[in-house]
Amino acid sequence: MHVPRAAHSTIAAGVYSRLCAHRRSAIAQRCNVLDRIHSLAQASDVSSSARVLSSASVLLFLAPACGDDTADGPESAVCPADAPTRLWASPADQAPALNGHLQDLFVAGDTVYFRWGADIPTWRMYAADLCGDEVAPVDPTADLVDRFMLSGTDDLGRVAFGFRERDGAIVQLDRLEVEGLDDPVEVGRISDHDLMGWSRGAHAMYFTTTPGRDSSWVPSAAGVGAQPLTLWRLGGEPGDELERLPGEFVDIGFSDPFAGEPAGAGPVFTLTDAGELRVYDLQGDEIAVIEQVRHAQRAPGGARLVWQQLGDGEVESTFVRDLATGVDTELTANAHTAASWGRLDFTQRLTGTWHWVDDDWLGLVGPDGTLVAVHDAATGEALEVPAHTEVLTGSTHGFWLRMPSDPDETVAALWNPRDGELFEWYRQPSTYEFIRLPMIDGDDWYYLRNDQNSFNRGSWWRIDRTTGAWTELLPTLGVPFHELEDGRIVTSLENSEDAFVRIAVVDPATDVYTTLAEDVVYGFAYVPEHGVYYLDAEGPDLGLWVAPLPEADTQARSLRAPGLRDGGPLLTGAQPPGLPGFTSFAGAAAR
């Protein structure tokens, strides 16, 4: 149910005859080519694939829908809308049964993309202009593809692809940041392999496959029975087709956008099961070949790489390679190789991995989840590690540690290996389970203290880095949230178990919350001058909505730059180190 109900006006757009007359001219081309598109989807079956891999892109939606994808209705007389307005009405036979899972809604340019369907096998991906005058599925026939994925290049921006399981076809659906809605183009097939994941490069997109998927946890290390991977390349120019690259690998690494790195021309390293490691720069030039490598991790900035040497499978030597000079420096040996990377127990998958602080310090994780050794990467010198019970992750600020404490308390600290400072920033009753890191803005740290074990809602605090003092800014805040130029925050609140929320805008200066919509799907997109876009999957008025923001009561004030915030890195326990690679069908990174 939305509020205020009396102010609602309805737009039910999406009819192809309506779309043909409007700005996104490529949609009009579709009106005459549906039969030709349908013919692309005839072939033999192959199985789907899944593997949990690290994410350099975003997993989108599963499976296209059957049935009518359009709905008739009047147009809005006002755009931007001056009241909560339905831009697209759900077809009658597509009322979602899994309402809480329709959370992928985002804006690219002047287009809103969202998924919708009665259940997982019928979800489809839709594109809508900001006024709702033109709404259409990105896959114009329901049997064209079975799964959706986002990749892209620096040149093209984001690109929507579809995968058709029965014949392994990869179909390029739409260049999201290019004007117009593209006609689908089949770019190649991987019918002899299972699709595992995908990643973006500077000028090409990459896909990874395997001859036979193993759904169990498989470590990315040589000589331990890892799953073989094949790499495919798709250029970004019109007419480029999917190209299978030579070789078979057990690990493939890409540059890490979460560390601020630009996309590279291709992978930054590949590792074979025989232990051959090849390392590349961001231009795609080979800069190192190392033999007899068990496992490798690249530093977040790409200046160095840590690698473990194939040995007896018990205690094996480790080195850090300076990629500019080619010099290896020996580090503490991994005495827990037999248990490393989850070989014996999935819960030990972090054993044998390394956490980095920039490209300058690195720490080896042992079986109990603590740092067993930390080294200066330039000299190899070992540092004295403070007592702790768990390493949570490493970042440019230092190593984030869980500290010894009484049973009724949770204590966390940041250890900076540059100067040895150990800053205890978190000491709270165990009622408040430690689940995320703070957002850091100079000496001001911002922290969401979870409410009743909710990962998505809590009280919002500022922590003074110089004194450690905590100041409550808001009694309740949900993530993600969007900070506006005037200092107000758009947020989702009262998250229920089925992921329905209340969307509100709050002024931190007054603690006044103004409700925009109630009982709607978790997740929203904010567009200046238009308002908040969201999905209603409950009640009689299902579909895509937009709600304008009320006028601010206070003058604009200088705060942080406006934008979407995730509330700080989410922790559900210790985090794996950065392993840039592919988005998979089995999971995705936080957006």
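The values are calculated or read from the model by the stated rules, or taken from the named source; none is laboratory data. This is a predicted model, so every value here is computed, not measured. With ideal geometry, Cβ positions are generated from the backbone for all residues, glycine too; neighbour counts draw on all protein chains shown. Surface areas here come from the heavy atoms of the whole protein model, side chains and all, with no ligands, DNA or RNA. Shrake-Rupley method; radii C 1.70, N 1.55, O 1.52, S 1.80 Å.
Couple of notes before you dig in:
- Filter result for THR467 (of a type in the set (Ser, Thr, Tyr), assigned to a loop (DSSP other than H, G, I, E, B) and farther than 23 Å from ALA561 by Cβ): yes
For (1) crowded, with 19+ Cβ neighbours inside 10 Å; (2) over 23 Å from VAL78 (Cβ atoms); (3) touching a helix residue (DSSP H, G or I) at 6+ places or on another chain (Cβ under 7 Å), each residue gets a yes or a no:
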site: ALA118; (1), (2), (3): no, yes, yes
site: MET125; (1), (2), (3): yes, yes, no
site: VAL135; (1), (2), (3): yes, no, no
site: VAL138; (1), (2), (3): yes, yes, no
site: ARG147; (1), (2), (3): yes, yes, no
site: SER151; (1), (2), (3): yes, yes, no
site: GLY157; (1), (2), (3): no, yes, no
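- Restricted to strands (runs of 3 or more DSSP E) entirely inside segment 332-446, those with at least 1 residues that are surrounded by fewer than 20 Cβ atoms within 10 Å (Cβ to Cβ) and not hydroxyl-bearing (Ser, Thr, Tyr) are 371-376, 390-395, 409-415, 422-429, 439-441.
- One residue from ALA142, ALA118 being assigned to a loop (DSSP other than H, G, I, E, B) and under 23 Å from ASP519 (Cβ atoms): ALA118
- In segment 105-116, residue farthest from the chain's Cα centre (by Cα) [restricted to those that are closer than 20 Å to PRO84 by Cβ and buried (at least 23 other Cβ atoms within 10 Å of the Cβ)]: TRP116
- Residues within segment 245-259 that are more than 20 Å from GLY225 (Cα to Cα), touching a residue at least 12 places away in the same chain (Cβ under 8 Å) and of a type outside the set (Ser, Thr, Tyr), tallied: 6
This table checks each residue for (1) open to solvent by 10 Å² or more (accessible area, probe 1.4 Å); (2) on the phi > 0 side of the Ramachandran plot; (3) touching an Asp or Glu at 6+ places or on another chain (Cβ under 6 Å); (4) not hydrophobic (A, V, I, L, M, F, W, C).
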| position | (1), (2), (3), (4) |
| --- | --- |
| HIS482 | yes, no, no, yes |
| THR491 | no, no, no, yes |
| GLU494 | yes, yes, no, yes |
| ILE503 | no, no, no, no |
| ASP511 | yes, yes, no, yes |
| VAL521 | no, no, no, no |
| ASP536 | no, no, no, yes |
| LEU544 | no, no, no, no |
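- Checked against (1) under 29 Å from LEU271 (Cβ atoms); (2) touching a residue at least 60 places away in the same chain (Cβ under 8 Å); (3) not charged (D, E, K, R), PRO184 passes all but a single condition, namely (1).
- Which numbered condition SER199 fails, given (1) part of a loop (DSSP other than H, G, I, E, B); (2) more than 25 Å from ALA128 (Cα to Cα): (1)
Quick grid of which residues meet (1) closer than 24 Å to MET439 by Cα; (2) at pLDDT 95 or above; (3) in contact with a Leu (Cβ under 7 Å, 6 or more places away or on another chain):
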| site | (1), (2), (3) |
| --- | --- |
| THR332 | no, yes, yes |
| ASP360 | yes, yes, no |
| HIS375 | no, yes, yes |
| ALA387 | no, yes, no |
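- Against the conditions (1) touching a residue at least 24 places away in the same chain (Cβ under 8 Å); (2) under 30 Å from the mean Cα position of the chain (by Cα); (3) crowded, with 19+ Cβ neighbours inside 10 Å, ILE290 satisfies every one except (2).
- So VAL520, is it hydrophobic (A, V, I, L, M, F, W, C), assigned to a strand (DSSP E or B) and in contact with a Lys or Arg (Cβ under 6 Å, 6 or more places away or on another chain): no
- Segment 203-230: number of residues that are closer than 22 Å to ARG298 by Cβ, under 21 Å from the mean Cα position of the chain (by Cα) and not in a loop (DSSP other than H, G, I, E, B): 5
- Consider segment 488-509 and keep the residues that are in a loop (DSSP other than H, G, I, E, B) and modelled with pLDDT of 90 or more. The one that is nearest to LEU549 (Cα to Cα) is ARG488.
- Within segment 508-521, tally of residues that are farther than 21 Å from TRP116 by Cβ and either free of Cβ contacts under 8 Å to residues at least 12 places away in the same chain or touching a strand residue (DSSP E or B) at 6+ places or on another chain (Cβ under 8 Å) (or both): 6
- Restricting attention to segment 305-320, the residues being more than 24 Å from ASP360 (Cα to Cα) and not β-branched (Val, Ile, Thr) number 5.
- Taking the criterion of being more than 29 Å from GLY543 (Cβ to Cβ) and among the basic types (Lys, Arg), the only residue of segment 463-517 that qualifies is ARG465.
- Flag if ARG457 is at pLDDT below 90 and in contact with an Asp or Glu (Cβ under 6 Å, 6 or more places away or on another chain): yes
- Scan segment 172-217 for residues that are in contact with a helix residue (DSSP H, G or I) (Cβ under 7 Å, 6 or more places away or on another chain) and either open to solvent by 10 Å² or more (accessible area, probe 1.4 Å) or of a type in the set (A, V, I, L, M) (or both) and the total you get is 5.
- Qualifying residue in segment 131-144 (condition: at pLDDT 85 or above, small (Gly, Ala, Ser) and more than 19 Å from the chain's Cα centre (by Cα)): yes
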